[in-house]
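The values are calculated or read from the model by the stated rules, or taken from the named source; none is laboratory data. Everything numeric in this text was worked out from a predicted model, so none of it was measured. We place every Cβ from the backbone using ideal geometry, glycine too, and count neighbours over all the protein chains shown. Heavy atoms of the whole protein, side chains included, go into the accessibility calculation; ligands, DNA and RNA do not. Shrake-Rupley method; radii C 1.70, N 1.55, O 1.52, S 1.80 Å.
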Amino acid sequence: MTLRTITPETVRRLAIRRQHLDADRPPATAEGILGVARNLGCLQLDPISAVARSHTLVVFSRVGAYDLKLLDKLQWEDRALFEYWAHVASIVLTEDFPIYHKRMRDYCTGVDGWSESVRQWVKTNQALHDFILKDITANGARLSRELEADGLHPEGWVSSGWTSGRNVSRMLDFLWSSGTIMVAGRKGGQKVWDLTERFLPEWTPKDEWDERQVTYAAAQRAIRALGAATPQQIKVHFIRGRYPDLPAVLADLETDGLVQRVKVDGDKRTWYVHTADLPLLGAVEDGDFRGRTVLLSPFDNLICDRKRTEELWNFYYRIEIYVPADKREYGYYVLPILHGDRFIGRIDPTYDKKSQTLRINAVYAEADAPKNKATVRAVKGAIEELGTFLKAKQITYTERIPKGWEGVKA
């Protein structure tokens, strides 16, 4: 069988359209935001908020400036979203619960050394395990600090080694990973914990899938989010590293008419496209693509696979948060600039909530970035839109602006 051949440009544009980063934006409504989460599969959580929390930026990049209360409503009131482990700790879809339920059931039951260490630790701290569950069951949703309050628990739960000084938080993490409790809200950045059975809505699918069923469903989520993907790219996306028997499952998906193999010009690997996206693929090939200029979170779904980002966009991007300040090439929390179907630069911003000031510490242009007035206006507009989302009263710039882009700060 002769496989359909597509160009790298088509792969880039298909990914951008599938991830809502083209000019056809979803509405900045609860329904629009839920649609974004559904098509991305997950929104990565990260505690760093030099500009804003990463998951809020990911949504902003798709729908524009929106009311953060809409995302809170989806998560804490509608409970259409919840926090769990996808490729990392993320906000995920309640409708996908069977995918995560498998990991919950299997947590700490494996045969590797890590699982054995966790099992032994929990066994040693069984009294703490029981105390936390009893407390939450009796008193309802609880903040971490309430469970750690002096005098609330006996003995102080002191241990040594890798859990020293943080037994309560480590046990909460265990109970969360095993699906016993969930994050039921947040107060001032602190997690509020409650029993999973009380948090999840009644309509939550509770099917207990086996490994093959999880891979069957998750692989489709990954392929659709990526637009087109190789098996290796699937493996590191969405539920990274948890795709057992992927080659056989991909064969089943193809037999079942749910995915189709394609070739990419200049690439010897086999790629997969979901058959539901074949009409969109055809439209992109026919030139139906309208890009826009948008800033992305360092943890954005489009670029979380750094190798794929380099291969498709020839854009090298690494987070320099843990690099000493004097050794950083670009900055602490740098946002890439997507312009159409290319990455043309990046900005180094910080946001001061007290003064409501968005500070642009530097703007960088890629070597082949266009320097025309339309591009400069587009970059300036993307920065101003970020300011609107943050409710910034002012945007300030340093002199670190690339030659030809001076108009960005005009």
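Would you check if VAL36 is out of contact with any Cys (no Cβ under 6 Å at 6 or more places or on another chain) and closer than 26 Å to GLY287 by Cα?
So VAL36 passes the test.
Check ALA65, ALA50 and return the single one that is open to solvent by 30 Å² or more (accessible area, probe 1.4 Å), part of a loop (DSSP other than H, G, I, E, B) and of a type in the set (A, V, I, L, M).
ALA65
Residue under question is GLU254, and the condition is that it be modelled with pLDDT of 95 or more and in contact with a Ser or Thr (Cβ under 6 Å, 6 or more places away or on another chain); does it hold? Working first, answer last.
Details: modelled with pLDDT of 95 or more: yes; in contact with a Ser or Thr (Cβ under 6 Å, 6 or more places away or on another chain): no.
No; evaluated as a whole, the condition is false for this residue.
I'm checking my understanding of the structure. Among residues of the range 316-340 that are open to solvent by less than 20 Å² (accessible area, probe 1.4 Å) and in contact with a helix residue (DSSP H, G or I) (Cβ under 7 Å, 6 or more places away or on another chain), which one is nearest to THR293 (Cα to Cα)?
ILE337
Can you name the residue in the range 180-222 that is in a strand (DSSP E or B) and more than 25 Å from PHE238 (Cβ to Cβ) and, of all such residues, is most open to solvent (accessible area, probe 1.4 Å)?
In this case the residue turns out to be LYS187.
So, in the range 346-384, exactly how many residues are open to solvent by 50 Å² or more (accessible area, probe 1.4 Å) and either assigned to a helix (DSSP H, G or I) or in contact with a strand residue (DSSP E or B) (Cβ under 6 Å, 6 or more places away or on another chain) (or both)?
Qualifying residue count, the range 346-384: 5.
Looking for something within 17 Å of ILE303 (Cβ to Cβ), open to solvent by less than 10 Å² (accessible area, probe 1.4 Å) and touching a Phe, Trp or Tyr at 6+ places or on another chain (Cβ under 6 Å) - is there at least one such residue anywhere in the range 14-27?
no
Considering LEU74, LEU70, which residue is in contact (Cβ under 8 Å) with a residue 12 or more places away in the chain, touching a helix residue (DSSP H, G or I) at 6+ places or on another chain (Cβ under 6 Å), open to solvent by 10 Å² or more (accessible area, probe 1.4 Å) and not in a loop (DSSP other than H, G, I, E, B)?
LEU70
Name the residue, out of SER144, SER164, that is in contact with a Leu (Cβ under 7 Å, 6 or more places away or on another chain) and either buried (at least 19 other Cβ atoms within 10 Å of the Cβ) or at pLDDT below 95 (or both).
Of SER144, SER164, the one residue that is in contact with a Leu (Cβ under 7 Å, 6 or more places away or on another chain) and either buried (at least 19 other Cβ atoms within 10 Å of the Cβ) or at pLDDT below 95 (or both) is SER144.
Which condition breaks for TRP157 when tested against (1) modelled with pLDDT of 85 or more; (2) buried (at least 16 other Cβ atoms within 10 Å of the Cβ)?
Among (1) modelled with pLDDT of 85 or more; (2) buried (at least 16 other Cβ atoms within 10 Å of the Cβ), the lone unmet condition for TRP157 is (1).
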